[in-house]
1. With bins 10 Å wide starting at 0, give me the P(r) of region 1-151 over every alpha carbon pair, in whole percents.
2. Karplus couplings for region 544-553 from phi (6.51 cos²θ - 1.76 cosθ + 1.60, θ = phi - 60°), rounded to Hz, Gly and Pro as x?
3. Determine the share of region 380-484's accessible area contributed by carbon and sulfur atoms, expressed in whole percent, with a 1.4 angstrom probe.
4. Would you please name the chymotrypsin sites (Phe, Trp or Tyr not before Pro) within region 404-458 that are DSSP coil residues with at most 16 other C-beta atoms within 10 Å of their C-beta?
5. Normalised by the number of residues in the chain, what is the relative contact order in percent for Cα pairs under 8 Å and 6+ residues apart?
6. Please list Lys425, Lys249 from largest to smallest accessible area, probe radius 1.4 Å, with all protein chains kept in place.
7. Suppose every K and R has +1 on its Cβ and every D and E has -1 on its Cβ; what is the size of the dipole of the chain about the Cα centre, in Debye to the nearest 20?
8. Tally the DSSP beta bridges in region 367-474 and give the antiparallel ones as a percent, rounded to 5.
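The values are calculated or read from the model by the stated rules, or taken from the named source; none is laboratory data. Every value quoted in this text rests on a predicted model; they were computed, and no experiment measured them. With ideal geometry, Cβ positions are generated from the backbone for all residues, glycine too; neighbour counts draw on all protein chains shown. Just so you know, the surface numbers come from the protein's heavy atoms only, side chains and all, with ligands and any DNA or RNA stripped out. Shrake-Rupley method; radii C 1.70, N 1.55, O 1.52, S 1.80 Å.
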Amino acid sequence: MEEKTMNQSEEKKSLSFVEQFVKEDLEAGKNGGRIQTRFPPEPNGYIHIGHAKAICMDFGVAEEFGGVCNLRFDDTNPTKENTEYVENIMSDIKWLGFHWENVYYASDYFEKLWDFALWLIKKGLAYVDEQTSEQIAQQKGTPTQPGVASPFRDRPVEENLRLFEQMNTPEAVEGSMVLRAKLDMANPNMHFRDPIIYRIIQIPHHRTGTKWHCYPMYDFAHGQSDYFEGVTHSICTLEFVPHRPLYDKFVELLKEYMAEQQDKSGFNPAILSQYDGTRQIEFNRLNLTYTVMSKRKLKALVDEGLVSGWDDPRMPTVCGMRRRGYSSQSVRNFIDSIGYTKFDALNDYALLEAAVRDDLNKKACRVSAVLDPVKLVITNYPEGQYEEMQAVNNPENEADGTHCITFGRELWIERDDFQEVAEKKFQRLAPGKEVRLKNAYIIKCDEEHPCDKDAEGNVTTIYATYDPETRSGMPGADRKIKGKTLHWLCQQHAVPAEVRLYDRLFSVENPGADERDFRELLNPGSLTVLHNAVVEEYLLEKKPGDFLQFQRIGYFTLDPDSTKDHLVFNKTVGLKDTWRK
């Protein structure tokens, strides 16, 4: 609650150019002073952090200016779409903290789009082409050379109507025919060169089943769907800049069709009476180093088993970041920090991790975990005796309270916190050196017999003594020593755990721009699994999604694979940015 109040009290320093355009439209009284945006994903995969940037803008603008944002699934291609993707997109939007006004589907408008296409054919503005896709592509020309007209461009209206109806039958062969808009084969904008607006797909649709066999193309359905819904601002990424004239052209023709038909069924008259149309505004995409944002490539990683699924913590998907332990606020903070421009850029993954680290520092519960344990025996501590030490849950928030951690004679510490022959600047445990055990005592490593080793020379047990006057909270705890403070766990009260450590998914900075197959660029060390880690008993109370800080190590969260008998933790991010080193 405090955080929300604080954020609300912070005034925004400046508006992005997108917000400035919206503000100008409001001040000019466009669309009756109404703001309506939409987030229009295609349900053909899980959304990633690039989509999250669009979500933040689409929903954020509506919230900021007192408008509404709808969720619309552009489900015009049943070969790639299903309800699993729909459900997960909804879940991810909610996790990011946004709420839609209504849920729409492009498939809601299939009947209207079909009737509109029939009208275009009757007006001589569309025709059925029976050429192959390769032939059509060859005739498109180049940006400096006009295209060549299809031999079917001027076929009679009646024949086009008959063939178009035939396209929507179970017998129609995919690829045998397409419906094209008859626009301008010499237009320097390649999208105007008689674009395909319908194609045959003989695969059941996740909502309409087998009712349709012929489906509209994205460019034909997108702008019309916006108009049907009364969208005032279409906010999208820069690759849609060359599509904008075609978007406007189809909407212009749709208005003419509606006026001629006097058909406003399914429309809100109150909206249309004050509707000036949709303003499209484009902003830069979000690209991250050491990852890819292509949904096709991400799907290939999943389908080929190169990652454990769409929610693999190494993936840039929203659900992958959630599973890794990122907070929704940290993702939103990162997106806000990089801003919205008209220029594409490659953002450093370290900036995202810094945002995550900054947010989790305020939220994470501090706990002890030993990832590579070695036994430590406090030789002068009474055998069979145990003490409950108080550990602060979060020094950033006193209201989070404390929990108990058990101390005893036999402990676990990190293997690299001990050196038998200490380096010059080594300030952890070594023969004759003192360190503090966090929330407990100062101990001193035995000088004459500091450790035992196995036959291979590996340290198996370390020996030390404790100063009983130096327990945390006692006057003696203030005694100054040169050694550092180490974390630890009582051997008899530690719980075994599996810990998964993550690195960059790809080994090159910009895999999307690399000419090699993206599979060759995967980082073989992107996942390290530790099977012998131990954590404190307190973590048996935690659940997936809880934010944790393993003291001196980094931020972690419990993985959904966990059970009470087998705890699994994912490393979210380290305490410092050490990756570059």
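1. 9, 24, 26, 25, 12, 3, 1
2. x, x, 5, 8, 10, 10, 6, 4, 6, 10
3. Here it works out to 45 percent.
4. Phe426
5. Rounded, it is 12 percent for the chain.
6. Working: Lys425 185, Lys249 60 Å².
Result of the area sort, largest leading: Lys425, Lys249.
7. Working: 72 positive and 92 negative charges, 165 e Å.
Using only the charged Cβ atoms, the result is roughly 800 debye.
8. 80 percent
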